[in-house]
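See structure below.
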Amino acid sequence: LRALILPGSSSGGKGKRMKPNRILPLLVAAAAFAPSAVLADEYYISAARGKGKEGSKENPARDLGIISDKLKAGDTVHIAEGTYYGISESGVDEIKHPIKVLGGYSDDFAKRDPWGAHKTILTGKCKSENFKSQARIHIGDRRHKGKEGIVVSGLICDNGERNGYSPD
């Protein structure tokens, strides 16, 4: 790249040539003001092999609530097949920032089939000591003014075990 041509010059509409040593500072400045999605992280959750708080593809976390404090606007969480009850079986996952949550992956995250072979089920157990009767998943904060959106795809929110039934 020898020069950058900027439109709108007064030299007959051909544009101005910018020297290469001036391009790098412009690119650095543009990156500094880019949306946070450029700096977004990817996290992985697996009911079968998850442990710890790393949340990487190789070492996934066991539950969304375990990594919720690490998440920031624009991040993506990939959740493998399985049934998830919330941290300490609370039946609730609260995420403070707008993120993307994608479920329905195979346990190695190589394939995605959320409505067939790799169902990701979010539920709760109403008889659990730590159960909360709030919404099963809450994402975002009304005060967040960023441009990041919330995406939820491939999750089954099943309230079956969350509901208390009486024999009457």
Quick one: how many lysine pairs in segment 56-119 have C-alpha atoms under 24 angstrom apart, if they're 8 or more apart or on different chains? 13
Quote to one decimal, in nm, the extra length available between Cys126 and Asp107 on full extension: 0.36 nm per residue of separation minus the C-alpha distance between them. 4.1 nm
Would you work out if segment 39-159 is rounded, prolate or oblate? Take a ≥ b ≥ c from the square roots of the eigenvalues of the alpha-carbon gyration tensor; rounded if a/c is under 1.5, else prolate when a/b is larger than b/c, oblate otherwise. rounded
Once you place label points 7 Å from the Cα toward the Cβ at Glu54 and Trp115, how far apart are they in nm? 3.5 nm
Relative to the present Cα-Cα distance, how much length would full extension add between Thr76 and Glu42 at 0.36 nm per residue of separation? 11.8 nm
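Only the coordinates and a few stated rules stand behind these numbers; no lab work does. Here the structure is a predicted model, which means the values were calculated and not measured. Neighbour counts run over all protein chains shown; Cβ positions are idealised from the backbone, glycine included.
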